[in-house]
Amino acid sequence: MDKADFDYTPATIRASVERSLKRLGTTYLDVILLHDVEFVAEEVRPAGDDARNHLRALGDAAADWGLAPGGEAISRGPGDDRVLEAVREMFRLKDAGVVRAVGISGPSGLGQQPLRA
């Protein structure tokens, strides 16, 4: 897959939500998820052997993986900009009462993580 295969524009996010509302015959959605962000976001990982040990990202090496506290909205390039733009639109929909919760689905095995405003 290529980054260009994913349309995370606010207009597409909004249109997708509006299609779902119409199809389901409701005025709000319980949750919306941004899928496959790992294919769009900039890759952040340490060089060398640590790059194969993802569990280190949960401990002292979190900063090497771009997971240090306070780094949640840091853009490391155009892919990150696209993801952040999509998430901002999703939160605008949440603020408008169109959706109740916003989340991101990560790589296989990591599950789905709810986002907090």
Counted neighbours (other Cβ, 10 Å), sorted fewest up, put Tyr8, Tyr28 in the order Tyr28, Tyr8
Relative contact order (%) - criterion: Cα under 8 Å, at least six apart; region: the range 6-89:
43 percent
The long-range amide H neighbours of Ile104, using H built 1.01 Å from N in the peptide plane and a cut-off of under 5 Å, are Leu34, Gln113, Leu115
Rounded if a/c under 1.5, otherwise prolate or oblate - the range 5-93, Cα gyration tensor axes:
prolate
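A short reminder: the numbers here are calculations on the coordinates, not readings from a lab. Please read all numbers here as calculations on a predicted model, not as lab measurements. Cβ atoms come from the backbone with ideal geometry, glycine included; neighbour counts cover every protein chain shown.
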